[in-house]
Amino acid sequence: MAPSLESHIIPQGAEIGADTLISRSKVTVIGSGNWGSVAAKLIASNTLRLGSFHDEVRMWVFEETLPSGDKLSDVINATNENVKYLPGIKLGKNVVADPDLENAVKDANMLVFVTPHQFMEAICKGLVGKIKTDAEAISLVKGMEVKMEGPHMISTLISEQLGVNCSVLMGANIANEIAQEKFSEATVGYRQNREAAEKWVQLFNTPYFNVTAVQDVEGVELCGTLKNVVAIAAGFVDGLEMGNNTKAAIMRLGLREMKAFSKLLFPSVKDSTFFESCGVADLITTCLGGRNRKVAEAFAKNGGKRSFDELEKEMLQGQKLQGVSTASEVYEVLSHRGWFELFPLFSVVHEICIGRLPPSAIVQYREHKSRSS
Ligand SMILES: NC(=O)c1ccc[n+]([C@@H]2O[C@H](COP(=O)([O-])OP(=O)(O)OC[C@H]3O[C@@H](n4cnc5c(N)ncnc54)[C@H](O)[C@@H]3O)[C@@H](O)[C@H]2O)c1
């Protein structure tokens, strides 16, 4: 069992009444990859500063044995550093790594989900009946699930499986840059509960991480999810050395498809959301930097001869690629709904990823003209 920071939270002899403690929110971060660790760092700096939160931030760790033979969670607790996914960055002494999911969430009333999306269904299943009934959740997870009845956003999966309200946080946020406290912005998308959204903003906002809230959970989440497909396309363009004009064209086409796809799925999605950090800003940063672009560049450089699985293992050291699986999920939606003609860029990205088309096909199609943007 992971150590507790209770002695840190309540200094010996301090006169803190039980009521004060009860009204403070307790935060657990579910996930400890690259972004999960940075999220824990941001949150931990604020829980120490703000009286409305318990100091301690629990971080659930999917346990791994490191090459040294040590357990990752033990090393995080001993060094205050996630040596595998965020080496060289101190998380804050009030971050406690916990490999036991049930124990990590047991007292929490604010749950931050931040794992690669393919693990979310199993994690939610493991949490049914284990969380506080009045808990609020937020998802930092980019991706969707496609089921028989249609696409399911991760925030919906969390809400439906766990019976909690779930907001989302997305933005132009390459984790390693935020870890070094370089200025960036993010967007919280919420459904109805403005009060909860404000609390999430308080929890994440720092002088170098500027968070704003918008009432458009689906718009924010779809921006964060779909831009990874466009980043794969941008990587192909880089791998083929097509230059900046081509990449800008791909980004424009991609943004147009992101908006059209989001609005077809959820007519409530707002145009203004695409101008928030989660929209055009995240698209730009992901197409310039980011792991999806990087691995897609290598794929195109190799003429599509080495699979994404192989390149992911070789280039990302355990980090996960989201764009390829999202492209496949989007393709499934396009296929079910007969929308291929409306989304030529999304379609061709998937077909290149699975080897049906060569990387050069990324510019060999005509933009569908019948939809106005
Ligand atoms: N890294 C970024 O810059 C960044 C920025 C914004 C959003 N995101 C999003 O955040 C989410 C989490 O990404 P990340 O960068 O924190 O993770 P990551 O790709 O760096 O690490 C993978 C994580 O998955 C865990 N894992 C492996 N197998 C697992 C299993 N079977 N069950 C549960 N967990 C398992 C690993 O322990 C590790 O914590 C993703 O949706 C990603 O798109 C990432």
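Tabulated data for the structure shown
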quantity	calculated
Kirkwood Rh and Cα Rg combined as Rg/Rh, segment 6-215	0.95
On Cα atoms only, tilt of 244-265 relative to the major axis of the chain in degrees	70 degrees
37 Å tail of the calculated P(r), the chain, as % of Cα pairs	19 percent
Listed peptides 102-110, 319-327 by packing density, highest first (mean Cβ within 10 Å)	319-327, 102-110
Inter-label distance for Ala361 and Glu332, nm, one decimal - labels placed 7 Å from Cα along Cα-to-Cβ	2.0 nm
Degrees between helix 344-353 axis and first principal axis of the chain (Cα, 0 to 90, nearest 10)	80 degrees
Global form of segment 98-191, assessed from the alpha-carbon gyration tensor, a/c cut-off 1.5	oblate
Over the chain: helical MRE at 222 nm, DSSP H runs n ≥ 4 each giving -39500 (n - 2.57), nearest 500	-13500 deg cm²/dmol
Protein accessible area in segment 112-186, 1.4 Å probe - carbon and sulfur %	51 percent
Counting DSSP beta bridges with both ends in the chain, the antiparallel % (nearest 5)	25 percent
Simple label model, 7 Å out from Cα along Cβ direction - Leu316 to Ala78, nm	2.9 nm
Mean Cβ neighbour count within 10 Å, used as a protection proxy, ranking 172-178, 204-210, 83-89 highest first	172-178, 83-89, 204-210
Extension gain, Asn176 back to Arg252 (0.36 nm per residue minus Cα-Cα distance, nm)	24.8 nm
Percent of beta bridges antiparallel (DSSP, segment 6-215, rounded to nearest 5)	25 percent
For peptides 342-351, 129-138, 263-272, sequence by mean Cβ density within 10 Å, most packed first	342-351, 129-138, 263-272
Cα pair count fraction exceeding 19 Å, expressed as % - segment 96-152	33 percent
Rounded tilt (10° steps) of 291-301 against the dominant C-alpha axis of the chain	30 degrees
Where the Cα pairs of segment 219-363 fall when distances are cut into 5 Å bins, in %	2, 11, 21, 25, 20, 13, 6, 2, 0
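The values are calculated or read from the model by the stated rules, or taken from the named source; none is laboratory data. Keep in mind it's a predicted model, so treat the numbers as computed, not measured. Positions of Cβ are generated from backbone atoms using ideal geometry, with glycine treated the same way; all protein chains shown enter the neighbour counts. Just the protein is used for accessible areas: all its heavy atoms, side chains included, with ligands, DNA and RNA removed. Shrake-Rupley method; radii C 1.70, N 1.55, O 1.52, S 1.80 Å.
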